[in-house]
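Each remark here refers to the structure printed beneath this line.
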Amino acid sequence: MGPKPNTPPGTVTQARTAVLKRSFKFWRFSLAAWQRSPRYRRLFITGTVLPFGIVLTLILIILLRSIGFASVPGSGKGQGPIPGIGLNSTIPPTVTMTPRPIPNYPTVPQSWGPGAAQYTIATQPTANQTIYIGGVQSAGGILLANRVTINSTDATRSLDEAGTYDPHSQSFTPLFKIQQIWTTPVCCQYDGRFYLASDADAPPGSTCGTCHALYWAYDDQTNTLLNLRQLLEASFGKVAVLNSALLDHGIVIMNGSLTNNPINQSWEINLSTQQVTALQIPGVTPSLLFYGIQSFAWPDVIYTLTDARYGNTVSYWMNVVTNQTGMLPAGFALWHLQGTTLYAVATDGATVTVREFDQYHDPTIPSQVIATFSVPPYDGLAAIVGVDSRIISFGTALVYDRAEHHLVALVADGHTDPAATYTSIYGQGWLGYYQLDGSTSPPTQRITLYQIATLPTH
């Protein structure tokens, strides 16, 4: 991004340095988290983390290219965005991060009392079976899960099953089998009829995770299982590399690329009819890159464009039925669409602000701030995964209590790295986390669940 008129050159250099540091910090954290954290690998495969890494890397490349000419008069570079495509919105400058101590956030006993949990389960699985929790299936507290069976002879996976887990009876009910078993699958997104699970067919030694990403859709009414990557490749006759997939109302919005086309694309898949439709994203050109869908709630998707010449990033909403599109306010990194309400996160490197847009189709209607707090340790906000009148869940071991007006650490010590061992659980009026503790043999599975409606206030 070139300097603006009357901008001191030093300001530009500082901003570039800050972005370089942030990009390096992100990938260094990602590498460490990938090596030690099954949860982080699952976030990467499902597309929650990957889009932010792509954006940071793209901006890094742009800045390196622009260092030599951004301040040279008449160079034709760094002059600003192209008019007429909505890229003249400004984004708050990046703030250089300084080392800071890890805050000790209030824990659950401190915030909600020692008896707040509805379920606290600690079990050791059998020698050849492990259950992984992926979300909440129903208001009764039934969880979405997958069960992995290991061969006792050669320690390879012999069977992966997706299904539900009842914390009351501590029993697993299988729904369907995952046919590729190279990696631990993630189960599931659920819309009341369809289940969407992710997996990868990457053999040992593979270096490209997204090149092997798979998505499976299971119809609970017809008991049929659909490989969405195969469906996509059969529809277009090209090899697909998938970044993410989001499910709502029997529709999957999938993001990725096809052979010989480096620009990211998105497709709408009707699971009832198995019809695949390429989404026509307005404004995408070789220099105006579309890098992904951030959120989806039928019929709207939230997507982002980045100008490859200047690094400007702008987000939009689009109705996939009418193809109507509108630009969203600048300065937000994370978007979450829930029903007809849009939530967004902005940070200046020290403070996080969460805003609620009740009428995001109309830019003249102001948003409202629903949370403000200091940046958590390890930059531990993966994304907003859900909001209700009491809780904002970020998909980590930290949640925001809207009644108490502060972050709460779901884990015991108050400052555990949220990408290390924990899987956040949120939905259908429930909140909690799942941990597979490998320090014991066999590993200990811990599930802690809270019913949000029963949480006390002080």
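The values are calculated or read from the model by the stated rules, or taken from the named source; none is laboratory data. Treat the numbers as computed from the prediction; the structure is a model and nothing was measured. Here Cβ is always computed from backbone atoms with ideal geometry, including for glycine, and neighbour counts include all displayed protein chains.
Every residue, every condition in (1) in contact with a Gly (Cβ under 9 Å, 6 or more places away or on another chain); (2) surrounded by 13 or more Cβ atoms within 10 Å (Cβ to Cβ); (3) at pLDDT below 85; (4) hydrophobic (A, V, I, L, M, F, W, C), yes or no:
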{"position": "Ile82", "(1), (2), (3), (4)": "no, yes, yes, yes"}
{"position": "Gly86", "(1), (2), (3), (4)": "yes, yes, yes, no"}
{"position": "Ile91", "(1), (2), (3), (4)": "yes, yes, yes, yes"}
{"position": "Tyr105", "(1), (2), (3), (4)": "yes, yes, yes, no"}
{"position": "Ser111", "(1), (2), (3), (4)": "no, yes, no, no"}
{"position": "Ala116", "(1), (2), (3), (4)": "no, yes, no, yes"}
{"position": "Thr126", "(1), (2), (3), (4)": "no, no, yes, no"}
{"position": "Gly140", "(1), (2), (3), (4)": "no, no, no, no"}
{"position": "Ala155", "(1), (2), (3), (4)": "no, no, yes, yes"}
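Criterion first (at pLDDT 90 or above and not in a loop (DSSP other than H, G, I, E, B)) does Phe296 satisfy it?
yes
Six or more apart or on different chains, Cβ atoms under 8 Å: show the pairs whose first residue is in the stretch 331-342 and more than 14 Å from Tyr303 (Cβ to Cβ) and of a type in the set (Lys, Arg) and whose second is in a strand (DSSP E or B) and at pLDDT 95 or above.
none
Does at least one position in the stretch 220-229 carry a residue that is buried (at least 17 other Cβ atoms within 10 Å of the Cβ) and at pLDDT below 90?
no
Take the stretch 245-268 and flag every residue that is touching a residue at least 40 places away in the same chain (Cβ under 8 Å) and farther than 21 Å from Thr340 by Cα.
Correct list: Asn255, Gly256.
Starting from the stretch 390-402, take each residue that is at pLDDT 90 or above and list its partners that are acidic (Asp, Glu), counting only C-beta distances under 8 angstrom and pairs at least six apart or across chains.
Note: pairs meeting the criteria are Arg390/Asp401; Ile391/Asp401.
Which residues, counting only those in the stretch 230-244, are among the small types (Gly, Ala, Ser) and without any contact (Cβ under 8 Å) to a residue 24 or more places away in the chain?
Ala234, Gly237, Ala240
So how many residues does the stretch 427-449 have that are touching a residue at least 60 places away in the same chain (Cβ under 8 Å) and in contact with a helix residue (DSSP H, G or I) (Cβ under 9 Å, 6 or more places away or on another chain)?
Within the stretch 427-449, residues that are touching a residue at least 60 places away in the same chain (Cβ under 8 Å) and in contact with a helix residue (DSSP H, G or I) (Cβ under 9 Å, 6 or more places away or on another chain) number 5.
Conditions tested, residue by residue: (1) in contact with an Asp or Glu (Cβ under 7 Å, 6 or more places away or on another chain); (2) buried (at least 17 other Cβ atoms within 10 Å of the Cβ); (3) at pLDDT 90 or above; (4) not polar (S, T, N, Q).
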site: Val320; (1), (2), (3), (4): yes, yes, yes, yes
site: Ala330; (1), (2), (3), (4): no, yes, no, yes
site: Trp335; (1), (2), (3), (4): no, yes, yes, yes
site: Gln338; (1), (2), (3), (4): no, no, yes, no
site: Val345; (1), (2), (3), (4): no, yes, yes, yes
site: Ala350; (1), (2), (3), (4): no, no, no, yes
site: Phe357; (1), (2), (3), (4): no, yes, yes, yes
